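Q: Pasting a structure here, questions to come.
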Amino acid sequence: MKIKKALISLFLLSSILASAAKPYYRWMADSEMKRMPESWMTDFSKSPKWDYCNGLELQAIYMVWEKTAETKYFNYVKSYTDTIINQNGQITGYKKDIYSLDKLNSGKILFNLYAVTKEEKLKKAMDLLRDQIKNQPRTSEGGFWHKKIYPHQMWLDGIYMASPYLAEYAYRFGEKELFDDVANQILTITKHTYDSKTGLYYHAWDESHEQKWSNPKTGTSPNFWSRSMGWYMMALVDVLDYLPKDHPKRPEIIKILNNLSLSLEKYQDPKTGMWFQVTDKMGEKGNYVESSGSAMFIYTWVKGAEKGYLPKTFLAKGAKAYDKFVKQFVKENPDGTLTVTEACSVAGLGGSPHYRDGSFQYYISEPKRDNDPKAVAPFIMASVLLNK
């Protein structure tokens, strides 16, 4: 009996040591691939679809391949495009004429895959997505509507969905005039959603002031949602990778990134080091520390500091927040996989049949779920950057 107990203890100890030796970026990617054996299953998909969460998570797993050179990660990402893009570059489920910025985000994985494989269908798909923007509805200042069904509206989310894709397209294929459009998207939404009292950004802006959620004077939505600012911040650091060093708007974008990073320090929960679902209402009943926005802020701080867009102090701040993130949100399951908890499943504005009014009560009422790609992907990305 003693020998049996000793063997069991030894087995458990070896399992713990093996888990500890595996970096989180590999451990999390392996966990997701175990849960979703086919790459089109990301974002809890029941059938192949082309949407922003699929590309977000596969972008993170591609970074794991770059870090490890393990072919299983590359093959997992490539299997998605093998499934969803045909030889003519047509994308399953993609409809250009709905003019949704969300549909551009998954295009980001195509650049690297094309560079490696030279598959012509990938270039055709990239051109198809780029072509959408030529007729994308716009505000009077040239800002993209978030979707055709959301007229006159710019959302912080949309900056991430479109701007890094277009910046990389411009960089890789020499369409230099596109850089001005990318910068204009950032500066236009900054102008209309920035709040000088808090240093934060409202989720969205309605130029027409027609939406029930829009402020009658400013057109802004009524609250600060952490994930929307997370999208926006990730967009800034990713766009700066491709925006030319001599572009006249580059210093202004870097300044925006720095100012928002400083502002967000004031809204970190002293207890957990994380950020709340509704960013500035830290002590209000029902508000909670939320994983996706927190992961996005951490990724931005770490990458921004490593790239020199932010002061080096933000590398240490990001690393410290990362360790707190793991403690707060990352759990090991009995089967050895990892779970990221406490992610808001979805939040938006307007729509039907249930109109989303942007109130505090609305944001805290949306359900939470585990292993949401919007939390998992930036966690993997930050893990790669930090080599953890």
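Q: Any residue at all in segment 283-297 that is part of a helix (DSSP H, G or I), within 27 Å of residue 360 (Cβ to Cβ), touching a helix residue (DSSP H, G or I) at 6+ places or on another chain (Cβ under 9 Å) and of a type in the set (Val, Ile, Thr)? Break it down into steps so the answer makes sense when it comes.
A: Filtering segment 283-297 down to residues part of a helix (DSSP H, G or I) leaves 291-297.
Within this subset, residues satisfying the condition of being within 27 Å of residue 360 (Cβ to Cβ) are 291-297.
Next, from what is left, pick out any that are touching a helix residue (DSSP H, G or I) at 6+ places or on another chain (Cβ under 9 Å): 291-297.
From what is left, the residues that are of a type in the set (Val, Ile, Thr) are none.
No.
Q: Can we say residue 259 is assigned to a loop (DSSP other than H, G, I, E, B), touching a residue at least 12 places away in the same chain (Cβ under 8 Å) and out of contact with any Pro (no Cβ under 6 Å at 6 or more places or on another chain)? Before the answer, list the steps.
A: Values: assigned to a loop (DSSP other than H, G, I, E, B): no; touching a residue at least 12 places away in the same chain (Cβ under 8 Å): yes; out of contact with any Pro (no Cβ under 6 Å at 6 or more places or on another chain): yes.
Criteria not met by residue 259.
Q: Scanning for something more than 21 Å from the chain's Cα centre (by Cα), among the acidic types (Asp, Glu) and at pLDDT 95 or above, does segment 168-178 turn up at least one residue?
A: yes
Q: Considering only residues that are part of a helix (DSSP H, G or I) and either β-branched (Val, Ile, Thr) or surrounded by fewer than 18 Cβ atoms within 10 Å (Cβ to Cβ) (or both), which ones fall in segment 304-313?
A: 306, 307, 313
Q: Just to be sure I understand the filter: pairs with C-beta atoms under 9 Å, separated by 6 or more residues or on different chains, first member in segment 130-144 and surrounded by 15 or more Cβ atoms within 10 Å (Cβ to Cβ), second member assigned to a strand (DSSP E or B) and at pLDDT below 95. Which pairs pass?
A: Sorted first by the residue in segment 130-144, then by its partner, the list stays empty.
Q: Tell me yes or no: at least one residue of segment 368-380 is surrounded by 20 or more Cβ atoms within 10 Å (Cβ to Cβ) and more than 20 Å from residue 53 (Cα to Cα).
A: no
Q: Residues that are within 28 Å of residue 144 (Cα to Cα), modelled with pLDDT of 95 or more, of a type outside the set (Asp, Glu) and touching a strand residue (DSSP E or B) at 6+ places or on another chain (Cβ under 7 Å): does segment 99-106 have at least one? So that I can check it myself, show each step before the final result.
A: Going residue by residue through segment 99-106, those that are within 28 Å of residue 144 (Cα to Cα) are 99-106.
From what's left, modelled with pLDDT of 95 or more: 99-106.
Applying the additional criterion that residues be of a type outside the set (Asp, Glu) yields 99-101, 103-106.
Cutting the leftovers down to touching a strand residue (DSSP E or B) at 6+ places or on another chain (Cβ under 7 Å) gives us 101.
Yes: segment 99-106 contains one or more residues that are within 28 Å of residue 144 (Cα to Cα), modelled with pLDDT of 95 or more, of a type outside the set (Asp, Glu) and touching a strand residue (DSSP E or B) at 6+ places or on another chain (Cβ under 7 Å).
Q: Continuing with this model, one more query. Within segment 314-343, how many residues turn out to be touching a Gly at 6+ places or on another chain (Cβ under 8 Å) and not in a helix (DSSP H, G or I)?
A: Here the count works out to 0.
Q: Can you go through 66, 38, 57 and tell me which one is farther than 21 Å from residue 164 by Cα, among the acidic types (Asp, Glu) and out of contact with any strand residue (DSSP E or B) (no Cβ under 8 Å at 6 or more places or on another chain)? So that I can check it myself, show each step before the final result.
A: On the way: 66 fails: farther than 21 Å from residue 164 by Cα; 57 fails: farther than 21 Å from residue 164 by Cα.
Testing whether each residue is farther than 21 Å from residue 164 by Cα, among the acidic types (Asp, Glu) and out of contact with any strand residue (DSSP E or B) (no Cβ under 8 Å at 6 or more places or on another chain) leaves just 38.
Q: Follow-up. For segment 117-170, what are the residues that are hydroxyl-bearing (Ser, Thr, Tyr) and over 19 Å from residue 236 (Cα atoms)?
A: To start, the set of residues in segment 117-170 that are hydroxyl-bearing (Ser, Thr, Tyr) comprises 117, 139-140, 150, 160, 163, 165, 169.
Those that are hydroxyl-bearing (Ser, Thr, Tyr) and over 19 Å from residue 236 (Cα atoms): 117, 139, 140, 150.
Q: Right, here's the next one. Does residue 215 fit the bill of being within 20 Å of the chain's Cα centre (by Cα) and assigned to a loop (DSSP other than H, G, I, E, B)? Steps first, please.
A: Values: within 20 Å of the chain's Cα centre (by Cα): no; assigned to a loop (DSSP other than H, G, I, E, B): yes.
When the stated conditions are applied, residue 215 does not pass them.
Q: Here is a further query. Output yes when any residue across segment 376-386 is hydroxyl-bearing (Ser, Thr, Tyr), in a helix (DSSP H, G or I) and within 30 Å of residue 145 (Cβ to Cβ), and no when none is.
A: As a first pass, look at segment 376-386 and keep what is hydroxyl-bearing (Ser, Thr, Tyr): 383.
Now narrow it down to the ones that are in a helix (DSSP H, G or I): 383.
Within this subset, residues satisfying the condition of being within 30 Å of residue 145 (Cβ to Cβ) are none.
No.
Q: Here is a further query. Could you pull out the residue among 272, 218 that is β-branched (Val, Ile, Thr), touching a helix residue (DSSP H, G or I) at 6+ places or on another chain (Cβ under 7 Å) and over 13 Å from residue 183 (Cα atoms)? Steps first, answer last, please.
A: Details: 218 fails: touching a helix residue (DSSP H, G or I) at 6+ places or on another chain (Cβ under 7 Å).
Testing whether each residue is β-branched (Val, Ile, Thr), touching a helix residue (DSSP H, G or I) at 6+ places or on another chain (Cβ under 7 Å) and over 13 Å from residue 183 (Cα atoms) leaves just 272.
Q: Next question. Just one of 232, 322, 299 is in contact with a Pro (Cβ under 7 Å, 6 or more places away or on another chain), among the aromatic types (Phe, Trp, Tyr) and crowded, with 19+ Cβ neighbours inside 10 Å; which is it?
A: Values: 232 fails: in contact with a Pro (Cβ under 7 Å, 6 or more places away or on another chain); 322 fails: in contact with a Pro (Cβ under 7 Å, 6 or more places away or on another chain).
Only one candidate qualifies: 299.
Q: Moving on. Of a type in the set (Phe, Trp, Tyr) and closer than 30 Å to residue 22 by Cα: which single residue out of 80, 99 fits that description? Let's see the steps before the verdict.
A: Numbers: 99 fails: closer than 30 Å to residue 22 by Cα.
80 is the lone residue from the list that is of a type in the set (Phe, Trp, Tyr) and closer than 30 Å to residue 22 by Cα.
Q: Something else now. Mind listing whichever residues of segment 38-54 are hydroxyl-bearing (Ser, Thr, Tyr) and in contact (Cβ under 8 Å) with a residue 24 or more places away in the chain? Full working, then the answer.
A: At the first step, the residues of segment 38-54 found to be hydroxyl-bearing (Ser, Thr, Tyr) are 39, 42, 45, 47, 52.
Once the filter is applied, which keeps residues that are hydroxyl-bearing (Ser, Thr, Tyr) and in contact (Cβ under 8 Å) with a residue 24 or more places away in the chain, segment 38-54 yields 39, 42, 52.
Q: Could you list, ordered by first residue, the pairs with Cβ atoms under 8 Å in which the first is in segment 79-99 and without any contact (Cβ under 8 Å) to a residue 40 or more places away in the chain and the second is part of a loop (DSSP other than H, G, I, E, B) and basic (Lys, Arg), at least 6 apart or interchain?
A: none
Q: I would also like to ask the following. Going residue by residue through segment 55-68, is there one that turns out to be touching a residue at least 12 places away in the same chain (Cβ under 8 Å), farther than 24 Å from residue 231 by Cα and surrounded by fewer than 19 Cβ atoms within 10 Å (Cβ to Cβ)?
A: yes
Q: Collect the residues in segment 68-112 that are among the polar types (S, T, N, Q) and out of contact with any Phe, Trp or Tyr (no Cβ under 7 Å at 6 or more places or on another chain), keeping them in residue-number order. Step through it out loud before you land on a result.
A: Step one: list which residues in segment 68-112 are among the polar types (S, T, N, Q), which gives 68, 71, 75, 79, 81, 83, 86-88, 90, 92, 100, 105-106, 112.
Of everything in segment 68-112, those that are among the polar types (S, T, N, Q) and out of contact with any Phe, Trp or Tyr (no Cβ under 7 Å at 6 or more places or on another chain) turn out to be 68, 71, 75, 79, 81, 86, 87, 88, 90, 100.
Q: Across segment 326-350, what is the number of residues that are surrounded by fewer than 17 Cβ atoms within 10 Å (Cβ to Cβ), among the small types (Gly, Ala, Ser) and either in contact (Cβ under 8 Å) with a residue 40 or more places away in the chain or in contact with a helix residue (DSSP H, G or I) (Cβ under 7 Å, 6 or more places away or on another chain) (or both)?
A: Looking only at that region, the number is 1.
Q: Among the residues of segment 156-179, count how many are among the aromatic types (Phe, Trp, Tyr) and under 15 Å from residue 204 (Cβ atoms). It would help to see each step written out before you state the result.
A: Our first condition is that a residue be among the aromatic types (Phe, Trp, Tyr); within segment 156-179, this holds for 160, 165, 169, 171, 173, 179.
Going one step further and asking which of them are under 15 Å from residue 204 (Cβ atoms), we end up with 160.
Of the residues in segment 156-179, 1 are among the aromatic types (Phe, Trp, Tyr) and under 15 Å from residue 204 (Cβ atoms).
The values are calculated or read from the model by the stated rules, or taken from the named source; none is laboratory data. Every value quoted in this text rests on a predicted model; they were computed, and no experiment measured them. When we count neighbours, we look across all protein chains shown, and the Cβ atoms used for this are built from the backbone with ideal geometry, even at glycine.
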